[in-house]
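Just below is one structure, and these are the notes that go with it.
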Amino acid sequence: MLGMARGGIPVAFEVARSLGAPLDVLVVRKLGIPFQPELAMGALGEGGVVVVDEQLVQAAKITPTEFNGVLERETEQLDRRLRLYRGPRPLISLEGKTAIVVDDGIATGASAKAGCRVARAHGAARVILATPVIAPESINTMEREVDELVYVEAPTPFYGVGQWYRDFSQTSDQEVLTCLRLAERPEAPARMATTHEWSDPGDRNEEVTIPLDDVVLSGRLTVPEAAEGIVLFVHGSGSSRHSPRNRAVASSLNERGLGTLLFDLLTPEEELDRANVFDIHLLAERLLKVTAWLRREPEGERANIGYFGASTGAGAALIAASNPDAKISAVVSRGGRVDLADGALSRVHAPTLMIVGSEDPVVLELNRIAKGQMTCRTHLSIVPGANHLFEEPGTLAQVSELAGAWFEEFLVSHQQPEVRV
């Protein structure tokens, strides 16, 4: 039994226990398009196995230098995980055996294809690919790749693997190691406790699909029990809901008891057209529709809503906040291109905090000008020594502290902390 790291391991653990089969880990890395890492242009497997979607590479105009740069970075990550999961131990012997490759779900199939080819390269006489859910359009491709394909659901429409899970939290390295360790013990539990079962039953923390008029967007909604406020994150160009900076700020807000929604403003296909990334009014319209969707959710019905906009996303956040129907209670901008909101600035009524690094002089001046055009309560906070990305030690923590205090003041009724600006 071979579980695809990382999400396939908990699924493979259950199947291995049921069949009484030994379990090992297959390490595969997705090769993401440089300007949209979540969209796979191929996959890398151990032993030098590389799978490439040539059509997508050509359509996205990926240069050999860009491709090799991604390949080099992902090779380093693959080697790191191999050392972490297996140490000096080689992959379990597959020579002349049937290898069952298990993943938590298959969308494009690039990673699963690489995993199956790794099993072939290690001498497996027969390869079975097993998954709970698969995109219907990937079935024929995967059936040609393996001796047998086993799946539970092939739903139509298929928007993403996470849509078919109650809890699609990211599997950690520690969970992978725990599964591998327990699989070696005959007295191991009949099944693993799920992340959902370990969490507070009053919390909501899950991948969500957000159906709009013409597209379906992906996101992660995290709402602590009895949260009075939820913050929607509006990322900048070239980023996504997986932005490590926004995730760090969101985690800080969750610790304060605030809910967060990190979501992609565009579909992966739309991201390929770079004009969409900088279409601020399109992004603002999407944000308004996502806000309306959130207010129809049980948690959103009772909560005050705020926006956290980064870089170009701050312009979209302020345009959306200027719409009175949005009923936005607070806005925070991090290194924001607030000038992109232009004529909407004077119509924003939500209290707005602008956070800019002292080493980002152009954006700092743009924020000073924008602040003078706004009529609502505004503050400009300058983080010493920070550049546009807040990469310097401790600077992002200051952003989290400032944003948390601001949102607590304007989204939470029972707390009125002092806001340091």
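Does segment 272-315 hold any residues that are of a type in the set (A, V, I, L, M) and touching a Gly at 6+ places or on another chain (Cβ under 6 Å), and which are they?
First pass over segment 272-315, keeping only residues of a type in the set (A, V, I, L, M): 272, 275, 277, 280, 282-284, 287-288, 290, 292, 294, 303, 305, 310, 314.
Matches in segment 272-315: ILE280, LEU294, ALA303, ALA310, ALA314.
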For segment 56-110 the number of residues that are basic (Lys, Arg) and farther than 26 Å from ALA12 by Cβ is 2
Can you name the residue in segment 90-107 that is in a loop (DSSP other than H, G, I, E, B) and in contact with a strand residue (DSSP E or B) (Cβ under 9 Å, 6 or more places away or on another chain) and is also surrounded by the fewest Cβ atoms within 10 Å (Cβ to Cβ) among such residues? ILE92
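Check whether at least one residue in segment 17-25 is closer than 16 Å to SER111 by Cβ and not in a helix (DSSP H, G or I), and report yes or no.
yes
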Which residue pairs have Cβ atoms under 6 Å apart, sit 6 or more places apart or on different chains, and have a first residue in segment 138-166 that is assigned by TED's automatic domain parsing to the domain that holds VAL51 and a second that is of a type in the set (S, T, N, Q)? TYR151/THR131; TYR159/THR209; GLY160/SER218; GLN163/THR209
Among the residues of segment 20-49, what is the count of those that are in contact (Cβ under 8 Å) with a residue 40 or more places away in the chain and more than 24 Å from the chain's Cα centre (by Cα)? 7
Has segment 70-87 got any residue that is assigned to a loop (DSSP other than H, G, I, E, B), within 24 Å of SER240 (Cβ to Cβ), in contact (Cβ under 8 Å) with a residue 40 or more places away in the chain and not small (Gly, Ala, Ser)? no
Would you be able to say whether some residue in segment 333-344 is touching a helix residue (DSSP H, G or I) at 6+ places or on another chain (Cβ under 9 Å), assigned to a strand (DSSP E or B), under 19 Å from ALA316 (Cβ atoms) and at pLDDT 95 or above? yes
Please pick out the residue among LEU266, LEU318, LEU272 that is crowded, with 22+ Cβ neighbours inside 10 Å and either in contact with a strand residue (DSSP E or B) (Cβ under 9 Å, 6 or more places away or on another chain) or not assigned by TED's automatic domain parsing to the domain that holds VAL383 (or both). LEU318
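The values are calculated or read from the model by the stated rules, or taken from the named source; none is laboratory data. What you are looking at is a predicted structure, and each value in this text was computed from that prediction instead of being measured. For neighbour counting, all protein chains shown are included, and Cβ atoms are generated from backbone atoms with ideal geometry for every residue, glycine included.
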